[in-house]
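The structure appears right after this line, and notes come after that.
The values are calculated or read from the model by the stated rules, or taken from the named source; none is laboratory data. The shown structure was predicted, so the numbers you read here are calculated from the model rather than taken from an experiment. Virtual Cβ from ideal backbone geometry, glycine too; neighbours counted across all protein chains shown.
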């Protein structure tokens, strides 16, 4: 009972009489709220217009600063893009040259093996044959292989030089960027 007495005022007990007056109460409340809104509207409108003006001014400042930054950084961005493209081209040339050096090194190793085989064959043939004709052919082959090896070594030197030069250019491009 005590609990009921304590919470009774908080409970809304709707009676039949209260329900008939309910729409009138709502209508009166709506009119009251309308008057309050009408009274507060001019002041709120003025404040909102000031806020809108402040926001518009802030947006104009931001737009102006953004254009300034774009004007200042535009040439730098273009230069950066150009340097990056140049570095990529240099990197591609470097990779191609490195591949060429690897191919030439492999070819030199193959030619060296072939030369070693010819030398072995020549040494065996010199022991078995007294005729000088096969020996002369082998000597000519060895000389041909030696000259081919010299040409290969020169080509490897040229490609290594080009590779080193591209590597230096790439490093210069990196340090300049």
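Before moving on, here are some points about what is shown:
Quick grid of which residues meet (1) at pLDDT 90 or above; (2) assigned to a helix (DSSP H, G or I); (3) under 30 Å from residue 151 (Cα atoms):
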position: 26; (1), (2), (3): no, yes, no
position: 31; (1), (2), (3): yes, yes, no
position: 45; (1), (2), (3): yes, yes, no
position: 48; (1), (2), (3): yes, yes, no
position: 59; (1), (2), (3): yes, yes, no
position: 87; (1), (2), (3): yes, yes, no
position: 92; (1), (2), (3): yes, yes, yes
position: 101; (1), (2), (3): yes, yes, yes
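- Where a residue in segment 154-177 is at positive phi and its partner, wherever it lies, is assigned to a helix (DSSP H, G or I) and surrounded by 15 or more Cβ atoms within 10 Å (Cβ to Cβ), with Cβ under 8 Å and at least six apart: none
- Note on segment 132-152: residues that are at pLDDT 90 or above and in contact with a helix residue (DSSP H, G or I) (Cβ under 7 Å, 6 or more places away or on another chain) total 6.
- Test for residue 82: is it at pLDDT 90 or above, surrounded by 10 or more Cβ atoms within 10 Å (Cβ to Cβ) and within 23 Å of residue 173 (Cβ to Cβ): yes
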